1. Suppose R0 equals 22 Å. What FRET efficiency, 1/(1 + (r/R0)^6) with r the Cβ-Cβ distance, do V399 and Q160 give to the nearest 0.05?
2. If you look at just the Cα atoms of the range 168-227, how large are its Rg and its Dmax in Å?
3. Tell me the net charge near G215. Cut-off is 11 Å between Cβ atoms, G215 excluded, with +1 for each Lys or Arg and -1 for each Asp or Glu.
4. For A80 and S212, compute 0.36 nm times the residue count separating them, minus their Cα-Cα distance, and round to one decimal in nm.
5. On full extension of the chain, what length is gained from A71 through S45, given 0.36 nm per residue of separation minus the C-alpha to C-alpha distance?
6. Bins of 5 Å, beginning at zero and ending with the bin holding the largest distance: percent of Cα pairs per bin for the range 196-294, please.
7. What does the charge count near I309 come to, summing +1 for each Lys or Arg and -1 for each Asp or Glu among other residues with Cβ under 12 Å from its Cβ?
8. Whole percent per 10 Å bin, from 0 to the bin with the longest distance: what is P(r) over all C-alpha pairs of the range 285-336?
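The values are calculated or read from the model by the stated rules, or taken from the named source; none is laboratory data. It should be emphasised that the depicted structure is a prediction, and the values quoted were computed from it without experimental measurement. Cβ sites come from the backbone with ideal geometry, for glycine too, and all protein chains shown count toward neighbours. Side chains are part of the model used for accessible areas, which takes the heavy atoms of the whole protein and leaves out ligands, DNA and RNA. Shrake-Rupley method; radii C 1.70, N 1.55, O 1.52, S 1.80 Å.
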Amino acid sequence: MKIAITNNTGLRNRGCEALVVSMIQGAKRHLPEPLQFELHTNDPSYDRWRLAGIADVRPSYLTLSPNHPSALGFNRIAYAGMRVAEKILPNTLAGYPTRQLSALRSADLVLPTGGDIFTSDYSNLRKHLSSIVSLDRKKAALIAHTIGPFTKQDEDYFRQSLENLFLITVRESESFEYLKSLRLDVPLYQTADVAFGLEPAPADTCREILLSRFGVDATQQKLVALSVSEGVIRYSKLERSRYFSELTEFVRRLNARGYLVLLIPHVMERNPNNNDLIACEELHSKLTDARMCRIVSGEFSAAQFKGIIGLTDCLLGARTHATIASMSQAVPTVSVAYSRKAYGIMSDVFGPKLGAELTIAATDLSADALEAGFDRAISAGGFGEAAARMKELAESNYVRLADALKS
């Protein structure tokens, strides 16, 4: 079975890596061998290195393009014309395969990834739907997505794009209720984000990374992980100076309580507006005593970041998959939310009351709110049952997929 994983912006975003790798691992557990994986991505050179020996990689000109026109019929004609044009191209350019649409049509299964790309929030819905619309038969599935909300125009386009889709699973209840209200003619199930099932790197390996690279002894030191996001400043239109002022004060308070803080740059894209390492460096530079804070910088995989987070007493994070990395290991977690996906996931994991107490709107970020969330997470504790439940729900994505393929 040839499986095309599409709509990937790039694995420099460790959340994207967690999604892609988890999806490959899950498919191997539940779908009949042999399996061949092909990743369609905006960052092929990096992703080919990251997935060497795991998946073939090709550039995705469909998602590198601007958003596509709003007329579905026009787009279908355009995709057909692009398939014809592909035939006159060489098979490879600069070492990469060129015929993306032909590859999609030759795949047995198409799995768009990306987490929350099917929404009107980012004004690029139609180009992301191209990997489904351009197919010639019903062989695509949306697995563990956050979907919606849509503008009326986007809702109409989404409805018309579903003829090649045979299954939708969503990772939180808000998307599930929203799609139920649309009454779509596609089987729909609520599951959990596939990254809940990502295996972390071994604890001994991660302890050695912290000790040898950063001089941190995880067996002796109390640790807190802080996922600082450069992107959240842009997404939430935050005042930059206030954002870092509040974070600096919060780190100072943690240090005063004996905690060493690990700054987690979970997204390190080439675009500086979405590179968390820049935000981590800026925060670190503002600390009056930087000895009790480390930036966990380096080419660590999503599994290694997850393993390092698993050694901490708590994670406070603005990146969804950093929080999933902690919650799936029963680490107390506080989410700094910039979109609806965070609220839905936190509520599903911890329940509506505790989930709300552990979620801070990015626009309300303050040292006081972070400290209150931290104290609430630590005092609540005992998240093992919730972690196990979410892993089971994550695994159900592949059970649903395998059952749908059989039928």
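1. 0.15
2. For the range 168-227, the Cα-based Rg and Dmax read 19.8, 55 Å.
3. So the environment of G215 carries a net charge of +2.
4. The span from A80 to S212 would gain 42.1 nm if fully extended.
5. Full-extension gain reported as 6.1 nm.
6. For the range 196-294, the binned pair fractions read 2, 12, 20, 22, 19, 15, 8, 2 percent.
7. Numbers: positive: R14, K306, R319; negative: D313.
Net local charge, I309 excluded: +2.
8. 24, 49, 26, 1
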